[in-house]
1. Restricting the search to region A:379-403, which residues are touching a Gly at 6+ places or on another chain (Cβ under 9 Å), more than 10 Å from every other protein chain (Cβ to nearest Cβ) and under 16 Å from residue A:184 (Cβ atoms)?
2. I'd like the residue in region A:1-19 that is at the interface with another protein chain (Cβ under 9 Å from one of its Cβ atoms) and at pLDDT 95 or above and, out of all such residues, is nearest to residue A:145 (Cα to Cα).
3. Are there any pairs, at least 6 apart or on different chains, whose C-beta atoms fall under 9 Å, with the first in region B:68-86 and part of a helix (DSSP H, G or I) and the second of a type in the set (Ser, Thr, Tyr), and if so, which?
4. Residues B:10, B:77, B:66, B:20: which one is among the hydroxyl-bearing types (Ser, Thr, Tyr), under 21 Å from residue B:159 (Cβ atoms) and surrounded by fewer than 24 Cβ atoms within 10 Å (Cβ to Cβ)?
5. Scan region A:279-288 and tell me whether some residue there is more than 12 Å from every other protein chain (Cβ to nearest Cβ), touching a helix residue (DSSP H, G or I) at 6+ places or on another chain (Cβ under 6 Å) and either touching a residue at least 24 places away in the same chain (Cβ under 8 Å) or not in a helix (DSSP H, G or I) (or both).
6. Which one of the conditions (1) more than 9 Å from chain B (Cβ to nearest Cβ); (2) assigned to a strand (DSSP E or B); (3) crowded, with 20+ Cβ neighbours inside 10 Å does residue A:186 fail to meet, given that it meets all the rest?
7. Can you find a residue in region B:222-238 that is under 20 Å from residue B:393 (Cα atoms), of a type outside the set (A, V, I, L, M) and buried (at least 21 other Cβ atoms within 10 Å of the Cβ)?
8. Restricting attention to region B:129-174, which residues are assigned to a loop (DSSP other than H, G, I, E, B) and surrounded by fewer than 16 Cβ atoms within 10 Å (Cβ to Cβ)?
Protein chains: 2
Amino acid sequence: MRAEILSVGTELLLGQIANTNAQWISQRLAEIGVDVLHHEVVGDNLDRIADSFRLAMSRSDVVIATGGLGPTQDDITRDALAKVLGVPLVRHAEIEEQLRAKFVAYGGRMPDSNLRQADVPEGARYIVPDRGTAPGLVADIAGKRVFCVPGVPAEMREMMEGTVLPELAALAGPAVLVSRILRCTGIGESRVAELLADVFEGTENPTMAFLATSGETKIRLTAKAATRDRAEALLGPLETEVLERLGDVVFSTRDESLEEAVGRLLRAAGKTLACAESLTGGNVGARITSVAGSSDYFRGSAVAYAADAKRDVLGASEETLRGPGVVSRECALEMAAGARRLFRADIGLALTGAAGPEPHGGSAPGTVWIALDGDDRRHTRKLSIPGERDRVRRWAEQAALDLLRRYLEGKPLPESDRII
Amino acid sequence: MRAEILSVGTELLLGQIANTNAQWISQRLAEIGVDVLHHEVVGDNLDRIADSFRLAMSRSDVVIATGGLGPTQDDITRDALAKVLGVPLVRHAEIEEQLRAKFVAYGGRMPDSNLRQADVPEGARYIVPDRGTAPGLVADIAGKRVFCVPGVPAEMREMMEGTVLPELAALAGPAVLVSRILRCTGIGESRVAELLADVFEGTENPTMAFLATSGETKIRLTAKAATRDRAEALLGPLETEVLERLGDVVFSTRDESLEEAVGRLLRAAGKTLACAESLTGGNVGARITSVAGSSDYFRGSAVAYAADAKRDVLGASEETLRGPGVVSRECALEMAAGARRLFRADIGLALTGAAGPEPHGGSAPGTVWIALDGDDRRHTRKLSIPGERDRVRRWAEQAALDLLRRYLEGKPLPESDRII
C-alpha cells in the first residue's frame, strides 16, 4: 500500500516550524509496512489544497492530510476536501453537541467560529477527537482513502494511534517491516559504500541505505514480510554479510550512539571511567553523561584547558610540558593516568591536541593524541584530523570513545593514523 | 517569484530525519521576498525524482532541490536532473581535480565512487562547494531555474548563502536584504511574542520573525531596501524598540551564541574562568571552548559526577555532603570556589542538580543549583526545570552561562525561580 502525507499550513512554507508531523507519521507507517512515497506541503489556499489532494490521490492509495481543521478562517482543509469530492459540507448536530460539551467542561463559552468544526463533507466519516476540538475526516474516492487529522502534534498523534493506524494496518494486510540500523565510525561513507557496493546492488528486499552524520555512517537494513519472524529471517544473512565486510568499525547493530554503546560495555564489565580532556573542552564527558544512569560507571572528567592545569590538576610532569609539550604521547598518557588517579576510576581516557584554527603547543591544527590507561594495559593513538575546529573536536571525541569501545570489546586497538 | 523546495531522500520518507532543510531554506527565501508555495519530498528513485522535478517546474519559477548529490549509489539527483533536461551527464575534469585535491588535503585516497560527483548534466552549471565534496548544480529549463544543493545541512547552508540566495535576490530585483538577529534566554517564545505583538502586527518592512530553539528565542529583523544604508536605516528604530521592550534578556544583537557573548565579555574584562560541573557532564566547558581563542580566558573545568569526586577534586566539605547534600546551595558554592582555586581562575562557575529521570541527592529531577564565585561577589540561583534529561541539562547550561553574562555586564543577577 502506498501512502502520501499532505501537510497543510502556510507556517510550514514560511519555515516557522519544521514538518515533524510528516516525520512522525512516516515512522509509524513504516512500522506497519505502508510505503510512503511522497510528502507534500501546501499553504492555506483552497485551490492549491484541492489540487494537492488530487495529485496525492493520483499517485497513492492512501492520503493522510494534517492541519487546517481548526476553528479559524484560515483552516480550510475540510472545504478543500468537499471541493475535491464535489459535495457540500453538512453540519453534524452530534459533533456540535460534543463541541459544546467540551467547552462547558473547560469552563468556557464556545465561540461561534468553532461551529465550523461540526461541518463534514457529505458522505464522509468523521473521527471524534479525544484531545482538542478538531474532528478528523475520512473519505473514500475512486478506491483511494483520504484521512484528515489535526496539525497540533499531540492531537494528530492521538488520532493516528487511536484510529488511523489501526485502520491502515488492517487494510495493509499481513505485512511487517523490520529495520536494523548498524552504526560505524572511523570509516568514511564512501568507503562503506565501496565495501558494500555489490551487496547494495543485489538487494531489493531487504533494502539497504546509508546515512552519514558527523563522524559516523549509519547503514539501515529493512526487510518486509508477512510476519516479524520472516522479516527477521530475511535480515539475518544480510546483516551477517555486512558485518563480515565492515569488520569491527561497526560499533552497534541496534542503533545505539557511541556513548550508549560505551556505557553498555562499561556496565557489563563493571568498570568505571574518568576522562581528561583538553581540546574537546568537556564534550566527551558531556556525551557519556547524556545517557541516563551513567553515574553508575562515569566518575568525572578534568578539563585541563590551560597547560599549568594539566600539571596542577592532572599531574602532567614538568619534564613532559617542557619537553614533548602538551600535544604529545607523553602528555596524553600522563593525563589519562592522572584522571584515573584523581577520580579513582578503573579506566582513564585522555585527549590533548590542537583544535585550531591556530597551532597549539607546537602542533599543527588537527593534531590530536588520545590515550587510554586501563588496569591491564595502556594505549595511545595519534590523529591528524583535517578541517574546521568543530570537525576536529568531533572526530577526536569519536576516536577516543571508539578506542574505549574497542578496548572494552577486546578488539584490536587502532594505531596512530590519519582519519578522514 | 514563486519557489518550490524539493527534498530528495528515502530517509525523510521513512521518518528517520525531519525536513529541517526545507524549513531553513523557506525562512531564507521569505527574507528575500521569494514566495514558497510547495515543499515536496521524494525518495531515492530516478523516475519519481524526475517526475517531481517536472511537477515543481510546472507550478513554480524556481526549484531548489536538496539531497542526492553524494558519492553513493543511492545519490541520483544529478541523474534525474539530466533525465528531465534530456541530456547526458558529462564528467568535468576540473571538478575531478578539485575532488582529488580535497582527498589529498585530507590525507586519503579518493574512492572511485566519488567520481560521480564530477558529473554534470550537459549544459548545466555547477557550484564548487566550500564544505564537503558535493558540487551544486544549476540548470535553466523553459524559463524556470533549478538549483540542486547537498542534503548535509552545513553544506546546504554554505552553498545557499554563498551562491543560491544572492543569485535569487538579484533575480528578485534590485534590493538589498539586511538581517539582524537578537538572541535572548530566560524567557519563553510566547512571552517574547506577547511583548512584541503590536510591533509585529505593524511591520511589513522590516519584517520580524521568531525562532525558538532549546533554551533560547531568536528574533530576526529583516529590512529590504535599494541600498544597504537604507536597509540599516529601516532596521535601527525597530531594533531600538525591540530592545527597550525586552530589556536585558537579550544577550546578543549580533547573532552570537551565549558562549560567544560570554567569551567576548571575559576577554574585554581580562578575566579568566573555571567551571565545576555535575549534571551537565562537561557541556558548559565544551560550549565555552567551542569558540576559537577561548584558551585566552578559559582555564578548565572539573566534571565531578560522583559525590566523592566533588569532595576529592573540588573540596566540597563532608559537612555539606552529609547535610544539605550534593544538590544544594552550599555544594554549588563550594564547587564554584573549588574550581576557582583548582584552576587559579578569577571566576568559578558551578552547576549541580538532578538531570533525571531519577531523583538525585534527595532532589526531584529538574532541581538545579548554580553558583558564581567572582573576585568581588558570589551569587547562587535555584531552578526547577521541567522536562526530559536533555532539556534539564540544556536549560541549566543556559542559566549558568546567562548568570555569568549578566555578572560580566554588570546587570542585575536573577534570583532563584522556576523557568519553563
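1. A:394, A:395, A:398, A:399, A:402
2. Taking the candidates together, the pick is A:5.
3. B:77/B:66; B:80/B:52
4. Residue meeting the stated conditions: B:20.
5. Within region A:279-288 (the criterion being more than 12 Å from every other protein chain (Cβ to nearest Cβ), touching a helix residue (DSSP H, G or I) at 6+ places or on another chain (Cβ under 6 Å) and either touching a residue at least 24 places away in the same chain (Cβ under 8 Å) or not in a helix (DSSP H, G or I) (or both)), the answer is no, since none of the residues qualifies.
6. It is condition (2) that residue A:186 fails.
7. The answer is no, given that none of the residues of region B:222-238 is under 20 Å from residue B:393 (Cα atoms), of a type outside the set (A, V, I, L, M) and buried (at least 21 other Cβ atoms within 10 Å of the Cβ).
8. Those that are assigned to a loop (DSSP other than H, G, I, E, B) and surrounded by fewer than 16 Cβ atoms within 10 Å (Cβ to Cβ): B:130, B:142, B:143, B:173, B:174.
The values are calculated or read from the model by the stated rules, or taken from the named source; none is laboratory data. Here the structure is a predicted model, which is why all the values come from computation and not from measurement. Don't worry about glycine lacking a Cβ; one is built from the backbone with ideal geometry, like all the others, and counts go over all protein chains shown.
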